[in-house]
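Encoded as structure tokens, the structure appears first; notes follow it.
The values are calculated or read from the model by the stated rules, or taken from the named source; none is laboratory data. None of the values given here were measured: they were computed from a predicted structure. FYI the Cβ positions are ideal-geometry reconstructions off the backbone, even for glycines, and counts take in every protein chain you see. In case anyone asks, the SASA skips ligands and DNA or RNA and just uses the protein heavy atoms, side chains included. Shrake-Rupley method; radii C 1.70, N 1.55, O 1.52, S 1.80 Å.
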Amino acid sequence: MNIQKNQIFTVKITDMGTDGEGIGHLEDSDALSGNGYTLFVKDAVLGDTVRAKVVKPKKGYAFARLEEVLEPSPDRVEPVCAYARQCGGCQIQALSYEKQLEFKERKVRNNLERIGGFSEIPMEPIVGMEEPYHYRNKAQFPVGTDKDGHIVTGFYAGRTHTIIPNRDCALGLPVNREILDLVI
């Protein structure tokens, strides 16, 4: 299948990658293997049916950007943070907390098996938090200026040096905002 940049596809998300991206397959691309051409769709969650735009095509897979959620997963939730899609720090906030925990547990198990070479590892169930927000005690906030010359601080947008203005991260400690308000 000859996939080109900027092509748009409808795809069902059937898995999630190690960085929290949704994984779907274009079914008609490889009828013999049954796997199909793979799309890694940032911000899509397991169970979604989405329209995705190819941003970086490769031979057997492509990276794509979520254009529209056509049929949301039953596990899709509204992210607590308004900047979750722009900022690079909250990859799976659109997934229910219970499913986030399952994703993280599966990620640890897979890493131990694939990278560590362990098999059939006895693991205790993952332990969640009562309040899964405002727990990170370390954060780095770039400081710069916006296009009008005003000082801004926040977080870099994923894979860029563009600052997303945000002094109140949903994962960071509340004291961070107090400190940033004093600095700015």
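For this structure, a couple of remarks:
- Residue match in region 5-19 (condition: modelled with pLDDT of 95 or more, open to solvent by 20 Å² or more (accessible area, probe 1.4 Å) and of a type in the set (Lys, Arg)): yes
- Boolean, VAL183 is in contact (Cβ under 8 Å) with a residue 40 or more places away in the chain and among the hydrophobic types (A, V, I, L, M, F, W, C): yes
- Residues in region 148-161 include at least one that is within 29 Å of SER73 (Cα to Cα), open to solvent by 60 Å² or more (accessible area, probe 1.4 Å), of a type outside the set (A, V, I, L, M, F, W, C) and not in a loop (DSSP other than H, G, I, E, B).
- The residues in region 162-172 that are in a loop (DSSP other than H, G, I, E, B) and closer than 19 Å to PRO79 by Cβ can be counted, and the count is 6.
- Test for ALA52: is it at pLDDT 95 or above, of a type in the set (A, V, I, L, M), part of a loop (DSSP other than H, G, I, E, B) and closer than 29 Å to GLY154 by Cα: no
- Residue match in region 22-31 (condition: buried (at least 17 other Cβ atoms within 10 Å of the Cβ) and closer than 27 Å to ASN166 by Cα): yes
- Residues of region 135-147 that are more than 20 Å from CYS90 (Cβ to Cβ) and not in a strand (DSSP E or B): ASP146, LYS147.
- In region 20-42, the residues that are of a type in the set (S, T, N, Q) and at pLDDT below 95: SER29, SER33, ASN35
- Filtering region 132-147 to residues that are among the hydroxyl-bearing types (Ser, Thr, Tyr) and loosely packed, with under 13 Cβ neighbours inside 10 Å leaves TYR135, THR145.
- Verdict on VAL45 being within 19 Å of LYS107 (Cα to Cα) and modelled with pLDDT of 95 or more: yes
- Filtering MET129, MET123 for residues that are under 26 Å from ALA82 (Cα atoms), among the hydrophobic types (A, V, I, L, M, F, W, C) and loosely packed, with under 11 Cβ neighbours inside 10 Å leaves a single hit, MET129.
- Summed over region 66-78, residues that are buried (at least 17 other Cβ atoms within 10 Å of the Cβ) and either at pLDDT below 95 or in a strand (DSSP E or B) (or both) total 3.
- Each residue in region 81-109 was checked for being assigned to a helix (DSSP H, G or I) and either open to solvent by 60 Å² or more (accessible area, probe 1.4 Å) or in contact with a Ser or Thr (Cβ under 7 Å, 6 or more places away or on another chain) (or both), and 8 of them qualify.
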